[in-house]
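Participant: This is the structure I want to talk about, given as structure tokens.
The values are calculated or read from the model by the stated rules, or taken from the named source; none is laboratory data. Model, not experiment: these values are computed from the prediction. Positions of Cβ are backbone-derived with ideal geometry, glycine not excepted, and every protein chain shown enters the neighbour counts. Only protein heavy atoms, including side chains, enter the accessible area calculation; ligands, DNA and RNA are left aside. Shrake-Rupley method; radii C 1.70, N 1.55, O 1.52, S 1.80 Å.
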Amino acid sequence: SMSGTVVTIKCFEDNGLIRQVLSQPGGGRVLVVDGGGSDRCALVGGELARLAERQGWAGLVVHGCVRDLSELIEAQVGVWAIANHPRRPASAGVGSKDLSIDLAGVLVRPGEFLIADADGVLVSEKIL
């Protein structure tokens, strides 16, 4: 399980901006990534999960795919995604940060509070 204040990213099949953001101190925040629900490549893998752990992020919620599942399980950060995929994404850094994003009909805004466990993910305007 994990919880924290939301930081948002919108990117499509490119994880360069995700790496940039996770390279900054996380302070227990949660990175929510709108990857457009793509199932053609993974946006997050073991390397980025370890980076998030070292930088103090609580976790990541990815509307897209992840890879390196055994490494994600071992990492001390929460990772939620729609599926897994072995293919790497581009890493040019194309995308936007700190905007309201729509994830499968749920509007997620920077600064909101997110809590996630085995039953799912909840987002609230205030700490629950």
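Participant: Would you work out the charge dipole size for segment 53-128 about its Cα centre, treating the Cβ of every Lys and Arg as +1 and the Cβ of every Asp and Glu as -1, and quote it to the nearest 20 debye?
Facilitator: 300 debye
Participant: For the chain, give the percent of accessible area contributed by carbon and sulfur heavy atoms, probe 1.4 Å, rounded to a whole number.
Facilitator: Answer for the chain: carbon and sulfur cover 49 percent of the accessible area.
Participant: Something else now. Select one label from (1) 1.00; (2) 0.94; (3) 0.92: the one whose number is Rg/Rh (Cα atoms, Kirkwood Rh) as derived from the coordinates shown.
Facilitator: From the options (1) 1.00; (2) 0.94; (3) 0.92, the structure gives (3).
Participant: Using Cα pairs under 8 angstrom and six or more residues apart, how large is the relative contact order of segment 1-109, in percent?
Facilitator: Reported as a whole number, the value is 34 percent.
Participant: When you count, for each residue, the other Cβ atoms within 10 Å and take the mean per peptide, how do 87-96, 20-29, 33-42 rank with the highest first?
Facilitator: In descending order of packing, they fall as 33-42, 20-29, 87-96.
Participant: Glu53: accessible area at probe 1.4 Å, nearest 10 Å²?
Facilitator: 70 Å²
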